[in-house]
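**Q** The structure follows.
The values are calculated or read from the model by the stated rules, or taken from the named source; none is laboratory data. No experiment lies behind these values; they were computed from the predicted model shown. Backbone-built Cβ (ideal geometry, glycine too); neighbour counts: all protein chains shown.
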Amino acid sequence: AMEQFGQVILDRDERLAPARSLEEMVRALDEGRVPVWLPSSLALSAPDIPASWDITSDSLAAWLAGKLGANTLLLIKQTGAFFGSDTIDGLAVRGIVDAGFAAMLPDGVDFHLAGPKDAAEAGALLASGNLPGIRIAAPIRSARKAG
């Protein structure tokens, strides 16, 4: 379904470019185009993506942020039922992000959420280098033991 939705998005503007790999994403950006990720060829073969119903587009976006070395991830949701005091675990319990999201979000990636109420100002904010919505605090992860 994500692949099909990506194809629908691609038909909306000639500045959009299909991206099935990290290289195609970089090429699109170098050409001044906006990559639209068609995830199946990259994500289905990735051993670090669990084959689970707990993994949706939320977790895939977090995984991709890590692969791209992104420092920020913005998810735009159909609901605005979230707050700056929310935690990722709390958002997962309420079904706003998927159950696998916290594990897939790389350490050091700032996570932001936007919803319908943020739509009106999103274009201007993004054009000025700012993000719509709110920042959600990262989970505190225990240190891994060696050995």
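**Q** Is there any pair linking a residue in the stretch 114-138 that is closer than 16 Å to G80 by Cβ to one that is part of a helix (DSSP H, G or I) and of a type in the set (A, V, I, L, M, F, W, C), with Cβ under 8 Å and at least six apart or on different chains, and which?
**A** A114/A122; L131/L125; P132/A119; P132/A122; P132/L125; P132/L126; I136/I88; I136/L91
**Q** Looking for something basic (K, R), within 12 Å of the chain's Cα centre (by Cα) and surrounded by 13 or more Cβ atoms within 10 Å (Cβ to Cβ) - is there at least one such residue anywhere in the stretch 31-45?
**A** No.
**Q** So which of L10, L75, L38, L68 is assigned by TED's automatic domain parsing to the domain that holds D107 and at pLDDT 95 or above?
**A** Values: L10 fails: assigned by TED's automatic domain parsing to the domain that holds D107; L38 fails: assigned by TED's automatic domain parsing to the domain that holds D107; L68 fails: at pLDDT 95 or above.
None of the other options fit; the residue is L75.
**Q** Quick one: is V36 in a helix (DSSP H, G or I) and of a type in the set (A, V, I, L, M, F, W, C)?
**A** Taking the combined requirement at face value, the residue does not satisfy it.
**Q** Let me ask something else. Could you grab me the full set of residues in the stretch 1-26 that are under 20 Å from W63 (Cα atoms) and charged (D, E, K, R)?
**A** Residues satisfying the conditions are E3, R20, E23, E24.
**Q** Quick one: would you say D86 is within 24 Å of S21 (Cα to Cα) and either among the charged types (D, E, K, R) or touching a Cys at 6+ places or on another chain (Cβ under 8 Å) (or both)?
**A** no
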